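Have a look at the structure below before the remarks.
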Amino acid sequence: MSIKRAAAIVGVGDVELENGKVIGNKSVFQIQAMAAKRALDDAGIKKEEVDGLFTAGLWGLPGVGQFPSAVIGEYLGIQPRYSDSTQIGGSSFEAHVGHAAAAIQSGLCEVALILYGSTQASDSVRLPVKPTTLTGQYETPFGLPNPVGAYAMAAHRHMHQYGTKQEHLAEIAVATRKWAQLNPEATKREPLSIDDVLNSKMISDPLHLLDCCLVTDGAGAIVLVSAERAKDCRKKPIWILGQGESHSHWSIHAMPDLATVTSAQKSGKAAFEMAGVTHDDIDVVEIYDSFTITVLLTLEALGFCKPGEGGDFVANQRTAPGGVFPLNTNGGGLSYAHPGMYGIFLLIEAVRQLRGECAERQVEGAKIALVNGIGGSLSTSSTCILGRD
Amino acid sequence: MTEYKKPIPTPDGDSKTFWDGCSEGKLLIQKCNDCKNHIFYPREVCPHCMSDQLNWVEASGKGKVYSYTIARRAAHPSLIEDVPYIVALIELDEGVRLMSNIINCDVEEVRCDMDVKVIFQKQEGMVLPKFELV
Ligand SMILES: [Zn+2]
């Protein structure tokens, strides 16, 4: 059974940042409330109509964060009849879209609110070190820098197997920065060269500082409704054409092949088959750039190029504004913002592109977008293919 | 000044035999009696075939560097003096992978697929399996 066109995104919302931080020292609840209110206003839907609540967070852990949908539900005064706090890291929100569409199709809810927020930059807290219990006991005692170390190992393996170069990875950071320069909301907008990336401080070989995403605050919200309810919204529907998800491992040592993201292969294949479209039909692509290597591996896994050809695919600024392959058009996690789990912002940018709301960075005539989230240590993936009428 | 201790594993029902083995200088891993695959980390059932017929066997301690990184920033305050250090995924000859450090070499020397062998090293009262180039 397929969820194709069972549901549409009719509202999106986020919050402004200043130097990567929320303005006015707002709390992680305040900014999620702002994003939710903006998304509902965008759709022209009242809060009372929300009957499905989907959220995942890194806030409030350990403690209230263990129950994120119940806590945010209480804060916003939402008592849903469908609740999902699937937490698979950065790809959680692409999974939420699929789960919400399936719930809507089954009649288990009609108006779904998907929500995320983080004040990690304002709070000066970084992703915590994995505890030395359970599977962490086989990693943490050896001092793997988290999360960059696992991605660095994948980069080394890809370089070893396919001859990929640090310059290839730098191409991605530079192209993404060019998109950020067209986005007034982006955190990093100063010009960037390949040499700047290669000369930036080495963090975890072979990844430099400028191969790594930003550490910022941020909040985002999405309103997803049934096809019926979508007829009467303020904004035109952006349809869920296809969705897939998978995970292959948690600890990086258990990743089947460090040069191949099998979870992205599976989720991409499922989404393409459900949508009934081909790679050539995709007008704009938003994929997870936690690190430059994440982008290269995901492009291969999704089948935009063959395994090992990611380096050539991104060479010569092919993914920059004016290039043949518009990618991460808001400036991505590398230059726009990256509040811990970035997946919801990929969806928000895709919706804005398909609506034609992106001003200077607008991809002309974009009708179909592909969004792919990646979470953990290249562990989890979910793909959404979105389209307008 | 705060004194930071290096992180050490928390042995549990799955792992106690493994860590006890390390303290005796043995790299013990599981082998499935049904599908004959070796298994790491230790589990109650085989992740290949769900069999609960698992035996402990001593691994040869030989393997290859599957991949690695050079940590230029410490993952924990206790490791600041160790920077730069190598964190690697070791593929044992038995076919399983584990995370460890490659020690007693210049960090710039290490490459994927180099041969390594196990060497046991004390850390805060426990014994961890580390590896050296051969
Ligand atoms: Zn078995």
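Would you say A:THR298 is outside any loop (DSSP other than H, G, I, E, B), over 11 Å from the mean Cα position of the chain (by Cα) and crowded, with 24+ Cβ neighbours inside 10 Å?
yes
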Response to the item:
Of (1) assigned to a loop (DSSP other than H, G, I, E, B); (2) polar (S, T, N, Q); (3) within 14 Å of chain B (Cβ to nearest Cβ), A:THR135 fails just (1)
Item to complete: Give just the number: which of (1) over 12 Å from A:SER379 (Cβ atoms); (2) open to solvent by 30 Å² or more (accessible area, probe 1.4 Å); (3) in contact (Cβ under 8 Å) with a residue 24 or more places away in the chain does A:TRP250 not satisfy?
Response: (1)
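Hey, among B:ASP82, B:ASP93, which residue is at pLDDT 95 or above, open to solvent by 20 Å² or more (accessible area, probe 1.4 Å) and more than 9 Å from chain A (Cβ to nearest Cβ)? Give the steps one after another, and end with the answer.
Working: B:ASP82 fails: more than 9 Å from chain A (Cβ to nearest Cβ).
Unique residue meeting the criteria: B:ASP93.
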Worksheet item: Somewhere in the stretch B:54-71, is a residue closer than 25 Å to A:HIS158 by Cβ, hydroxyl-bearing (Ser, Thr, Tyr), modelled with pLDDT of 95 or more and touching a Phe, Trp or Tyr at 6+ places or on another chain (Cβ under 7 Å)?
Response: no
Item to complete: Kindly indicate the residue of the stretch B:27-37 that is within 10 Å of the ligand (Cβ to nearest atom) and in a strand (DSSP E or B) and also nearest to A:GLN137 (Cα to Cα) among those meeting that condition.
Response: B:GLN30
Fill in: B:THR17 more than 13 Å from the ligand (Cβ to nearest atom) and part of a helix (DSSP H, G or I)
yes
Worksheet item: Which of the residues belonging to the stretch A:258-285 are crowded, with 21+ Cβ neighbours inside 10 Å, under 27 Å from A:PRO206 (Cβ atoms) and in contact with a Ser or Thr (Cβ under 7 Å, 6 or more places away or on another chain)?
Response: A:LEU258, A:VAL261, A:SER263, A:ALA264, A:SER267, A:GLY268
Worksheet item: With (1) farther than 22 Å from B:GLY125 by Cα; (2) within 11 Å of another protein chain (Cβ to nearest Cβ) as the list, and B:CYS32 as the residue in question, which single condition is left unmet?
Response: (2)
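Considering each residue of the stretch B:38-58, count those that are near the ligand (Cβ under 9 Å from one of its atoms) and in contact with a His (Cβ under 9 Å, 6 or more places away or on another chain), and give that number.
Let us first name the residues in the stretch B:38-58 that are near the ligand (Cβ under 9 Å from one of its atoms), namely B:39, B:45-51, B:53-54.
Restricting the remaining residues to those that are in contact with a His (Cβ under 9 Å, 6 or more places away or on another chain) gives B:39.
Residues meeting the conditions: 1.
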Response to the item:
Exception for B:PRO77 within (1) at pLDDT 95 or above; (2) more than 9 Å from chain A (Cβ to nearest Cβ) falls at (1)
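The values are calculated or read from the model by the stated rules, or taken from the named source; none is laboratory data. Just so it is clear, the structure is predicted and the values come from calculations on it, not from any experiment. Note that each Cβ is placed from the backbone with ideal geometry, even for glycine, and that neighbours are counted across all protein chains shown. Just so you know, the surface numbers come from the protein's heavy atoms only, side chains and all, with ligands and any DNA or RNA stripped out. Shrake-Rupley method; radii C 1.70, N 1.55, O 1.52, S 1.80 Å.
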